[in-house]
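Handing you this structure, nothing more for now.
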Amino acid sequence: MVGQIKTNSKSIISLTLGILSIIVPLIGLVLGILGVVLSRIATKEIAKRNENGKGLAISGLICNVIGIIIQTFAVLSIIAFYSFTSIS
């Protein structure tokens, strides 16, 4: 029986964090940063260990970056809203 190449678990976690960073407000910024770190680690491990999951790691990286951008705009919008509405 031929041994199967397993999928890197960090790439799966990275994609999951990327999706959550888009969906979950405010906490998504932290999840996005963690996801970027995990996707970079997963990409290096995949190349080193010859594992599957490179597409998952790249998709996770893209989702995490999009999540970070969305959450940054959300935080800046909240700050701008409260700074303009509190002026009396």
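Could you check, for segment 52-62, whether at least one of its residues is outside any helix (DSSP H, G or I), closer than 25 Å to LYS6 by Cβ, touching a helix residue (DSSP H, G or I) at 6+ places or on another chain (Cβ under 7 Å) and not charged (D, E, K, R)?
yes
Confirm whether SER14 is hydroxyl-bearing (Ser, Thr, Tyr), within 14 Å of the chain's Cα centre (by Cα) and either closer than 19 Å to PHE73 by Cβ or assigned to a loop (DSSP other than H, G, I, E, B) (or both). Walk me through how you get there before you give the answer.
Details: hydroxyl-bearing (Ser, Thr, Tyr): yes; within 14 Å of the chain's Cα centre (by Cα): yes; either closer than 19 Å to PHE73 by Cβ or assigned to a loop (DSSP other than H, G, I, E, B) (or both): no.
Criteria not met by SER14.
Here is a yes/no grid of residues against (1) of a type outside the set (S, T, N, Q); (2) at pLDDT below 95; (3) under 15 Å from CYS63 (Cβ atoms):
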| position | (1), (2), (3) |
| --- | --- |
| SER14 | no, no, yes |
| ILE19 | yes, no, yes |
| GLY28 | yes, yes, yes |
| VAL36 | yes, no, yes |
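Something else: Suppose we keep only residues that are out of contact with any Ser or Thr (no Cβ under 8 Å at 6 or more places or on another chain) and not hydrophobic (A, V, I, L, M, F, W, C) within segment 56-88. Which one would you say is surrounded by the most Cβ atoms within 10 Å (Cβ to Cβ)?
SER59
Give the number of residues within segment 34-45 that are among the hydrophobic types (A, V, I, L, M, F, W, C), surrounded by fewer than 20 Cβ atoms within 10 Å (Cβ to Cβ) and closer than 30 Å to GLY3 by Cβ.
Going through segment 34-45 one residue at a time, the tally reaches 2.
Scan segment 21-33 residue by residue and report those that are surrounded by 14 or more Cβ atoms within 10 Å (Cβ to Cβ) and either touching a residue at least 24 places away in the same chain (Cβ under 8 Å) or at positive phi (or both). I'd like the intermediate steps shown before the answer.
First, the residues of segment 21-33 that are surrounded by 14 or more Cβ atoms within 10 Å (Cβ to Cβ): 21-22, 24, 28-33.
Within segment 21-33, SER21, ILE22, GLY28, LEU29, LEU31, GLY32, ILE33 qualify.
The values are calculated or read from the model by the stated rules, or taken from the named source; none is laboratory data. Bear in mind that the values here come from a model prediction, so they are computed numbers and not experimental data. Quick reminder, even Gly has a Cβ in these numbers, built from the backbone with ideal geometry, and neighbours come from all protein chains shown.
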